[in-house]
Amino acid sequence: MGQFSLTSRRLAWIDKSAPSTSTGPQLIHRPKESPATVKLLPLVFSLITLCSPAFAECPRVTPFDDLPEAHQAKLIQAAAEEPFSEGIFWRVQKGSLTSYVIGTYHLPDSRTAPLVEQVSRILPDVDQLLVEANRDTQSAFETLLATDPSYAFITEGPTLIDRLTPEEWKELSAAAQDRGLPPFVAAKYQPWFLALTLAIPPCAMAQISAKKPGLDRQIEALFADKDLPVTSLDMVDGLLTLLASESLDEQVKDLRKGMELGMLDLDTDLTAGELYFRQQTGLIWEYTLDKVRRTAGDRADEVLVELAEMEQKLLHDRNTAWAPAILEAVSDRPTLVAVGALHLFGETGVLPLLQDAGFTITRLNVAFD
């Protein structure tokens, strides 16, 4: 499938290498750094690792609640058929060892405070943290982009202004301006890079610009303060090859398809955020599929196939790649595993993986304000 779709906000990378606490791959290309690239790297990295609700301090409403009650009940029932489809904080036990699993999302939101407090209370009982990407991994990724701008920018030939129709460019440039990105800069972005940037809701930009940490980074900081190890489950190697491997022409086609299918629509994001704080994580995916069926018209089947491919690559394949490291960690010593909430449930989710390995899984209550 192409790199962009209705759910481009959930793009991430797959790397089946062993987890590492290193600072990342050796860098070969070292041209002069691009100031624009450097400025946006932390922002873009938060998107690329995103496999959970892309939601921050935005209006706390959800179009899901506007659906007829019978329709809501149908989606809730479909989500309930998946194991561990509700809950974001879990205790996992086997023998004398007790570990914990948290489903996270990566953008800042003040409502995570109770969950951060709960992590601080279990901190004396755990010895290590596993995350999708720790600070060293993020730094390596940022360095790779900064030292070779050609990964993210159009350095030769026509910019997006000339590659898109006037109507398409008008829509994209307006979305860029809403996020504080000058259109003349956005025009030089490679489509994959621009799509990930525009995936941030405008209402979240102030939080990110103020460098407020998301849940993952807050948890990582707690462990750093105690000098406890924080290990990445994903590796940087191969990340940009995956995201930017298509030709510019193919990327433009994918970008155009994503726009046609509502890539810039905040409906799904707002719903995802609200359902996360209701701890109905499985319902996030069911709502996404349902929205495609309701809005994609004759292309619904095509889009659903693409979503299934994306789900396989971004969720199932990564869960499988992470499995050896997670099982080794929780079998060795008390561990906290903090990964995107969409990774926890379903037949290939992290929690069923642990249950199949003989661990007892207990949901822990989280009282959000």
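May I ask you to list pairs of residues, at least six apart or on different chains, whose Cβ atoms are under 7 Å apart, with the first in segment 150-175 being closer than 14 Å to residue 191 by Cβ and in contact (Cβ under 8 Å) with a residue 40 or more places away in the chain and the second being of a type in the set (Lys, Arg) and in a loop (DSSP other than H, G, I, E, B)?
153/188; 154/188
Got at least one residue in segment 205-215 being at pLDDT 90 or above, in contact with a Phe, Trp or Tyr (Cβ under 8 Å, 6 or more places away or on another chain) and not polar (S, T, N, Q)?
Scanning segment 205-215 turns up at least one residue that is at pLDDT 90 or above, in contact with a Phe, Trp or Tyr (Cβ under 8 Å, 6 or more places away or on another chain) and not polar (S, T, N, Q).
Provide a single number: the residues in segment 316-354 that are more than 18 Å from residue 122 (Cβ to Cβ) and among the charged types (D, E, K, R).
Counting residues in segment 316-354 that are more than 18 Å from residue 122 (Cβ to Cβ) and among the charged types (D, E, K, R) gives 4.
Tell me, which residue of segment 227-241 that is at pLDDT below 95 and surrounded by fewer than 17 Cβ atoms within 10 Å (Cβ to Cβ) is farthest from residue 313 (Cα to Cα)?
237
Quick check on my filter: what residues within segment 209-219 are in contact with a helix residue (DSSP H, G or I) (Cβ under 7 Å, 6 or more places away or on another chain) and buried (at least 20 other Cβ atoms within 10 Å of the Cβ)?
Scanning segment 209-219 gives 214, 215, 219.
With respect to residue 194, is the statement that it is surrounded by 13 or more Cβ atoms within 10 Å (Cβ to Cβ) and over 24 Å from residue 109 (Cβ atoms) true?
yes
In segment 227-235, is there at least one residue being without any contact (Cβ under 8 Å) to a residue 60 or more places away in the chain and under 30 Å from residue 326 (Cβ atoms)?
yes
Working only within segment 52-70, note down all residues that are at pLDDT below 65 and among the charged types (D, E, K, R).
Once the filter is applied, which keeps residues that are at pLDDT below 65 and among the charged types (D, E, K, R), segment 52-70 yields only 57.
Only one of these conditions is not met by residue 350: (1) modelled with pLDDT of 95 or more; (2) β-branched (Val, Ile, Thr); (3) surrounded by fewer than 19 Cβ atoms within 10 Å (Cβ to Cβ). Which number is it?
Only one criterion is unmet by residue 350, namely (3).
If you take the residues in segment 260-274 that are outside any loop (DSSP other than H, G, I, E, B) and crowded, with 19+ Cβ neighbours inside 10 Å, which one is modelled with the highest pLDDT?
Checked segment 260-274; the qualifying residue modelled with the highest pLDDT is 274.
Any residue at all in segment 102-115 that is within 30 Å of residue 333 (Cα to Cα), assigned to a helix (DSSP H, G or I) and in contact with a strand residue (DSSP E or B) (Cβ under 8 Å, 6 or more places away or on another chain)?
Within segment 102-115, one or more residues are within 30 Å of residue 333 (Cα to Cα), assigned to a helix (DSSP H, G or I) and in contact with a strand residue (DSSP E or B) (Cβ under 8 Å, 6 or more places away or on another chain).
A quick yes/no check of all residues on (1) of a type in the set (Val, Ile, Thr); (2) touching a residue at least 12 places away in the same chain (Cβ under 8 Å); (3) over 29 Å from residue 115 (Cβ atoms); (4) part of a helix (DSSP H, G or I):
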site	(1), (2), (3), (4)
192	no, yes, yes, yes
208	yes, yes, no, yes
213	no, yes, no, no
222	no, yes, no, yes
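Given the criteria more than 23 Å from the chain's Cα centre (by Cα), among the aromatic types (Phe, Trp, Tyr), in a helix (DSSP H, G or I) and under 22 Å from residue 255 (Cα atoms), does residue 184 qualify?
yes
The values are calculated or read from the model by the stated rules, or taken from the named source; none is laboratory data. Because the structure is a prediction, the values reported are computed rather than measured. Neighbour counts run over all protein chains shown; Cβ positions are idealised from the backbone, glycine included.
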